[in-house]
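Taking it in order: structure first as structure tokens, then the write-up.
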Amino acid sequence: MKLSFLRYILPIFFFAMTFSAHAITPSSELSALLNATRSMQADFTQTIYDNRGKAVQQSYGHMAIQHPGQFRWQVIKPIPQLIIANGPRLWIYDPDLEQVTIRSLHQTAGDTPGLLLSHDNVKLEEDYTIKLSPKLSNGLRWFILVPKTSDNTIAKVEMGFVNNQISQMQLQDRLGHTTLIRFKNVKINTSLPTSLFVLKAPANADVIDETRHR
């Protein structure tokens, strides 16, 4: 289930948002919160539940984003994996396979809800109906995002904030599987080295460049 991140989680960290100067709506409020985050790094716990609510996979790691368009998602255990995006390309390094896969960002996001955090050129409300949950849950303020088209694999995205800072994300696909991501040790708007968003293929790794066939 390693690829579940690419299909369901990764795009949430790349969808673009444009802040509206008009009346405050859930969409403009969410855009303002996310646009205020120019960089972020955190530890994460990611748990996948089946359609009966049973946890079937859990992973731990570290992530970082920086505007515009830079992203790092590193799974430390149980199976190490490193995913880096910097511009139009995505690098996936699987140490256990000794393999690096290069994909275009659009290629990866083709069957996913879109890109949320690190780009600045797409309007959130064009692709999602956005609502604000009327009640706090676990002390978090939740935004609910539902794709406007039925061809997305994701049925619903929920983003939970505390003190204007994202704390949790929850995604539900159309088969009823749910992925819950919890962030901790969050650092916002700190200076991040450019080396975080560069992947040098290990000498012993096979490199598969899927962008050459498109």
Q) So is ARG103 modelled with pLDDT of 85 or more, touching a strand residue (DSSP E or B) at 6+ places or on another chain (Cβ under 8 Å) and within 19 Å of PRO193 (Cα to Cα) or not? A) no
Q) For segment 177-205, what are the residues that are loosely packed, with under 11 Cβ neighbours inside 10 Å and in contact with an Asp or Glu (Cβ under 7 Å, 6 or more places away or on another chain)? A) LYS184, ASN185, ASN204
Q. Out of ASP151, ASP120, ASP111, which single residue is modelled with pLDDT of 65 or more and out of contact with any Gly (no Cβ under 7 Å at 6 or more places or on another chain)?
A. ASP151
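Rundown of residues vs (1) more than 25 Å from ARG38 (Cα to Cα); (2) among the β-branched types (Val, Ile, Thr); (3) in a strand (DSSP E or B); (4) touching a residue at least 24 places away in the same chain (Cβ under 8 Å), yes/no style:
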residue	(1), (2), (3), (4)
ALA155	yes, no, yes, no
GLY160	no, no, yes, no
LEU171	no, no, yes, yes
LEU175	yes, no, no, yes
LEU199	no, no, no, yes
Q) With respect to the numbered conditions (1) surrounded by 15 or more Cβ atoms within 10 Å (Cβ to Cβ); (2) over 19 Å from GLU29 (Cβ atoms); (3) of a type in the set (Asp, Glu), which one is the sole condition not fulfilled by ASP151? A) (1)
**Q.** From PHE14, PHE19, PHE44, residue being closer than 26 Å to LYS131 by Cα and at pLDDT 90 or above
**A.** PHE44
Q. For segment 177-197, which residues satisfy the criterion of being of a type outside the set (Gly, Ala, Ser) and in a loop (DSSP other than H, G, I, E, B)?
A. HIS177, ASN189, THR190, LEU192, PRO193
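The values are calculated or read from the model by the stated rules, or taken from the named source; none is laboratory data. The structure presented is a predicted model; accordingly, all values stated were derived computationally and were not measured. Please note: Cβ atoms are built from the backbone with ideal geometry, for glycine as well, and neighbour counts cover all protein chains shown.
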